[in-house]
């Protein structure tokens, strides 16, 4: 699964990386948590369909939901069932998006100790989770929200958790965002574990365990019994 992630990369650089002409100003984020509004990349609603960076709430609220609180239970969508579950089925066909990030956090539990680990690309570059977005309500109650798609963990991350978020390679961005792309088999083929050789992780401060904290100290490396870098 994916329950926290980071976006420290300046938004202007994110815009260039994802070919977005206009960006919104937000501070660096070191501990993004569910229900918070964060930028996602999607195709705009204009006729040209240019890519836009829009602030959406993390936790997908289906258009037919009677209560928006249901979104807090829909922060992730499993790749294996994303075309079947009513919550995500329509968004998969028509409203796919990219979730810019530069790392994410996963925990291991040893007795009473809940140890967070920071996971990133070895290159240090930003990347994109495969996401889905949806619109709920109308008028002042209008809410736009998203979920991150997950898949089986790769070999390097399996000691932390059996699942990981889907990280899309840059050549797949256009296909994933294309509203006219409806080949389910080809889209599902993109939802695979990211190559182990390109990823690394290390233990970080338990300060990140609380979503109230969102600062560089959250990602401070710490030594564990296995050493600084697991």
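Results, tabulated for the structure shown:
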quantity: Filter result (in contact with a helix residue (DSSP H, G or I) (Cβ under 9 Å, 6 or more places away or on another chain) and on the phi < 0 side of the Ramachandran plot) within the range 132-148; calculated: 132, 133, 134, 136, 141, 143, 145, 146, 147
quantity: Flag for residue 186 being more than 18 Å from the chain's Cα centre (by Cα), over 25 Å from residue 33 (Cα atoms) and modelled with pLDDT of 95 or more; calculated: yes
quantity: Those residues of the range 79-108 which are assigned to a strand (DSSP E or B), farther than 23 Å from residue 51 by Cβ and touching a helix residue (DSSP H, G or I) at 6+ places or on another chain (Cβ under 9 Å), in sequence order; calculated: 105, 107
quantity: All positions within the range 20-42 that are crowded, with 17+ Cβ neighbours inside 10 Å and either modelled with pLDDT of 90 or more or within 14 Å of the chain's Cα centre (by Cα) (or both); calculated: 20, 29, 30, 31, 32, 33, 34, 38, 39, 40, 41, 42
quantity: Residue within the range 183-202 that is over 29 Å from residue 107 (Cα atoms), surrounded by fewer than 20 Cβ atoms within 10 Å (Cβ to Cβ), in contact (Cβ under 8 Å) with a residue 40 or more places away in the chain and in contact with a helix residue (DSSP H, G or I) (Cβ under 9 Å, 6 or more places away or on another chain) present; calculated: yes
quantity: Hey, residue 69 in a helix (DSSP H, G or I) and loosely packed, with under 13 Cβ neighbours inside 10 Å or not; calculated: yes
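The values are calculated or read from the model by the stated rules, or taken from the named source; none is laboratory data. Just so you know, these numbers come straight off a predicted model, no measurement behind them. Cβ sites come from the backbone with ideal geometry, for glycine too, and all protein chains shown count toward neighbours.
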